[in-house]
Each structure stands twice: as C-alpha cells, then as structure tokens.
Amino acid sequence: SALVLAVVPVVEIRATMGGETGVNGNVVCRWVDGRGTLAVGLEATNPLKFLTLPGEAPGVLWVYGLSFGGGLVCEDFIRIQLAVEPRARVVFTTQASTKVYRMKRAGVSETKQFLNASVASDAMLLVLPDPVVCFADARYRQHQVLDLAQSASLLFVDTVTCGRMAN
C-alpha cells in the first residue's frame, strides 16, 4: 500500500466533496483547568458512534470512532467534524481496523469517510487510527481537511491495506 500526501488549500479539498453536506459525527474537545481535556460536544448518528476515555498522560483525552456492525458497506458515508480548542490535548483513533466490504450492486457509488479537523492555538491532535482494510471489489474514498493554528501540534498517521488474500 502507498500513502499519498498532498498539501492543497482547504477550498480545493472541500470542492472535491461534490457538494455533499451534512455531518454524522461532531466532536468538540476543550481544555478545562484542573480537569484536563474534556469532550464538551459529542454527537454521532448511524453508522458512527464515539467513545471517550481519559489518557494515561495527564490532560489527554482519547476519542475512539467506531462503526456499527464492524465495518462500512455500500454507500456508507462517514463525515466527522472535530474541533480541538485552545490548550486541549486529543488522541483520535479507532477501536479496531475499519473494514470496507465489497460493493454488491452494479452502479453503486463508493463508501466514503471524511474528516474535517480544526486544531486551535497551543492545542495538540494525534490522529492514530487502525488501518483501513479494503476487501475485494470495495470502492472507498477518504478526505482529510486539517486546519491548524500557527502554534498547534499535529501527528497524523494513515494506513490502508487489503483484506484477506484469496487462496
């Protein structure tokens, strides 16, 4: 598998979304003195859900993105809006690999997953998902839009692999 990373203006990335709108996952993380980073806004609709846990490191919040049924199927569309407010520390990950199953019908468009994240001043975001696993005949598209303040920190890892090999 290969990772292609291109840095382009946000306007161009958003234009590639084909005008589709709506968000089925929204996460807002805020630093609260004396308590660390908290999820102050957390919304998700099918096929997405979120789980949050405090991290081992003080003040860090772990946010897990999960999908119902253990994977993505024909025309699932995950749209996540993630806001990391000033001084917040967030690890955004998954509980397991994201499986993308084959398209069973002719003429069906792909499964899509979009992440739009903003990281404010003096905030930190680590995006560390498990691999995306595409099975035979899967059609998958993903976009990530990352808006960073000048003093923000980001570590972004993305891995795509194939499913089980045929005998």
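The values are calculated or read from the model by the stated rules, or taken from the named source; none is laboratory data. All values reported here derive from a predicted model rather than from experimental measurement. Methodologically, a virtual Cβ is constructed for each residue, glycine included, from the backbone with ideal geometry; neighbour enumeration extends over all protein chains shown. For accessibility, only protein heavy atoms count, side chains too; no ligands or nucleic acids. Shrake-Rupley method; radii C 1.70, N 1.55, O 1.52, S 1.80 Å.
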- prompt: Which pairs have Cβ atoms under 7 Å, sit 6 or more apart or on different chains, and link a residue in the range 45-57 that is on the phi < 0 side of the Ramachandran plot to one that is among the hydroxyl-bearing types (S, T, Y)?
  reply: P47/S67; L48/S67; F50/Y64; L51/Y64
message: Given (1) within 15 Å of the chain's Cα centre (by Cα); (2) within 19 Å of C29 (Cα to Cα); (3) open to solvent by 50 Å² or more (accessible area, probe 1.4 Å), identify the lone condition not met by V157.
response: (2)
- request: Scan A120, A136 and give me the residue that is within 27 Å of V32 (Cβ to Cβ) and either without any contact (Cβ under 8 Å) to a residue 60 or more places away in the chain or among the polar types (S, T, N, Q) (or both).
  value: A120
- prompt: Among the residues of the range 108-120, how many are open to solvent by 30 Å² or more (accessible area, probe 1.4 Å) and in contact with a Ser or Thr (Cβ under 8 Å, 6 or more places away or on another chain)?
  reply: 1
query: Would you pick out the residues in the range 97-107 that are of a type outside the set (K, R), modelled with pLDDT of 80 or more and open to solvent by 50 Å² or more (accessible area, probe 1.4 Å)?
result: Y101
task: Give me a count of the residues in the range 29-49 that are open to solvent by 30 Å² or more (accessible area, probe 1.4 Å) and in a strand (DSSP E or B).
output: 10
task: Test V73 against the criterion of being open to solvent by less than 60 Å² (accessible area, probe 1.4 Å) and aliphatic (A, V, I, L, M), and give yes or no.
output: no
